[in-house]
Amino acid sequence: MFRKIGWELTLSYVMVIVFSVAILGIFLLNFVEGYFTGNARQDLYRQAQLVAEGWPRNVSLREPAPNEIRFFWGMVERLSHQTGSRIRILSDRGAPVYDTGGEMEPDVPILPEVKSALSGTAMAGGSKASLAQAYPIFEKGPSGDGRAVIGVVYVSRSRIYLSQILSHVRSQFYLGFSISMLLSLLLALFFSHYITKPIVEITREADNIAQGRLDKRVRAGSRNEIGVLSSKFNMMADALQKTLNELTEEKNKLSVILKEMAGGVLVIESGGGIVMVNKIAYRILGIRQEDILGRNVNTVLPGHPLLRLLEDSDFSREAHGALEDLPDGTAVDAHVTPLFTDEGKPLGVVVILNDVTQFRRLDRMKTEFVSNVSHELKTPLASIKGLAELLLDGALKEEKASEFLESINREVDRLTRLVKDLLDLSKMESGMLRLEIHPLNICDIIQQVMMRLTPQAGRKNVEITTSFGCTFPVLADMDRIQQVIINLLDNAIRYTPPGEKIIVRTTEKEGRCLVEVSDTGPGISVENLERVFDRFFRVDRARSRGGGGFGLGLAITKQIVENHGGSIGVSSTPPRGTTFYFTLPLAGE
Ligand SMILES: Nc1ncnc2c1ncn2[C@@H]1O[C@H](COP(=O)(O)OP(=O)(O)OP(=O)(O)O)[C@@H](O)[C@H]1O
Ligand SMILES: [Mg+2]
């Protein structure tokens, strides 16, 4: 970074200095040259004037008598010697009369300045190599100074001396120029480094930020524009970091919501590429492979019923439907909602998937339940109606009437029991049943129930024996636990062949009281074992219908035990008997 802007700055500093020093130098050299030349000219003029005015009176220049002017020549020679000028005296025709420079050259062409001096006007002249001044010598007669020009003083001086001075000045200038160049280069380098340092830093941090390292900041520099730029840059980085943090937080929140949502979410872009899928959607759609993002939904879910729904929506309409025939038998409710840009261009769809298997099962159970209840009601109601019609048709007066009425009474009792059982069940299932929990002696309760069922057992010639291993009190509702034991013993008596035994056993197991009722009846086959606790389930419907059972006893029993916090189960080895068992919490636990 410094390389570029730093060098540019350095170069511009140096250029400015070079140009200004060079221009200054040119002016200075010109001035020095002009000054020394002017000085030299003035000097020559004064010398020429001095010599011209010093020409003795009444002396002809054409043929000056040596004695008269010896003194004058001596003065001219001294002057020439002291000033380093060459002084020549020319006659009124321009012919040399005296020359301090050496031998006289007779045929010197008359120079323009000599001509001007001959006509009475002093004039400067010279060549590349020398400077010259011509000055007229006026006649000086006995009557005073006349205006007649009798000769010319021609003073010349070589320029060598001048150019020596100038070259000295020049070399001094070049030395100064070089030193100032060096110093200015160093200063320019220093200043441009100082100025570009914050810019270099900003650039570096901008690079860092671009690579995602948002915690980087520029150190606040001076108060100039670059300092302001640094602080603005830091403010921008702060704002960027804050916005990014907020965005990330929002994104995280959204992805957590989507991930943890009870429903499955699948986002598919218009081309069919999968953009997002949550855990539940993986499960509901039965997708095994992990890396499905970006892949086409048609290849990920070939032949899946969801594809039909997507086809219906055409990625631009809402579509809703149940996904039937899923391999694992799940029932799924799918809702496809299209997504659009602000300009109305379709972006893709969001598919919400709800696993409604449980819901469907409950629905089926409800329907089954209603049909079961109706079925159970139909038979007793039909027989009551039949008997009532017979009575109305005149049977009332017959002897059989009381028999009919007894039958009606029995059927009504059956119906009442059915209604009571159903009410009990629904109360227990909805948690409305309040249990009166007290510490109870389970053995006493079993004895009481056995007493109540003695006539029934006696009629069937079945013996009930007990083995009480659990003497601790249990926590239970007396009436409900009686009901449980009645139901289990009633079933056992019903299915035990005459002359055989039923055993009721209590034991303590894992801090609970385990009650087992074992009979030696026909047993229950494995496929029916799981279903005996279902409502209205009877192994042999046709046979048990006459016997009066509704198939609700074990369902109620299970509910009661579970409402006590216990568990219930059955084991059977057909045809050698069945054991129903349940547990109850012990008091003082
Ligand atoms: N000890 C048992 N031995 C063999 N099968 C049994 C025994 N107990 C119950 N079952 C079978 O389980 C079914 C359900 O019993 P459950 O007590 O729920 O109904 P139910 O006795 O037929 O009628 P309810 O008890 O409502 O009068 C019975 O119809 C019977 O087929
Ligand atoms: Mg029963």
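The values are calculated or read from the model by the stated rules, or taken from the named source; none is laboratory data. Predicted model, so just to flag it, every value in this text is computed and none were measured. Glycine gets a Cβ as well: all are built from the backbone with ideal geometry, and neighbour counts include every protein chain shown. For the accessible areas, the whole protein counts, side chains as well, though only heavy atoms, and no ligand, DNA or RNA atoms are used. Shrake-Rupley method; radii C 1.70, N 1.55, O 1.52, S 1.80 Å.
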Lone unmet requirement of (1) touching an Asp or Glu at 6+ places or on another chain (Cβ under 7 Å); (2) open to solvent by 40 Å² or more (accessible area, probe 1.4 Å) for VAL218: (2)
Identity of the residue in segment 253-308, within 22 Å of the chain's Cα centre (by Cα) and of a type in the set (D, E, K, R), that ends up farthest from LEU326 (Cα to Cα): LYS253
Is it true that ASN528 is crowded, with 18+ Cβ neighbours inside 10 Å and within 16 Å of ligand 2 (Cβ to nearest atom)? no
Taking the options ARG538, ARG512, name whichever one is at negative phi, basic (Lys, Arg) and touching a residue at least 40 places away in the same chain (Cβ under 8 Å). ARG512
The lone condition ASP540 fails out of (1) within 60 Å of the chain's Cα centre (by Cα); (2) more than 23 Å from THR466 (Cα to Cα); (3) open to solvent by 20 Å² or more (accessible area, probe 1.4 Å) is (1)
Take the residues of segment 280-298 that are basic (Lys, Arg) and more than 13 Å from ILE268 (Cα to Cα): which is surrounded by the fewest Cβ atoms within 10 Å (Cβ to Cβ)? ARG288
Which one of these is touching a Ser or Thr at 6+ places or on another chain (Cβ under 9 Å), part of a loop (DSSP other than H, G, I, E, B), modelled with pLDDT under 90 and of a type outside the set (Val, Ile, Thr): GLY125, GLY94, GLY101? GLY101
Any residue at all in segment 509-520 that is open to solvent by 70 Å² or more (accessible area, probe 1.4 Å), modelled with pLDDT under 95 and within 13 Å of ligand 2 (Cβ to nearest atom)? no
Which numbered condition ARG494 fails, given (1) open to solvent by 70 Å² or more (accessible area, probe 1.4 Å); (2) more than 10 Å from ligand 2 (Cβ to nearest atom); (3) under 25 Å from ASP413 (Cβ atoms); (4) of a type outside the set (Asp, Glu): (2)
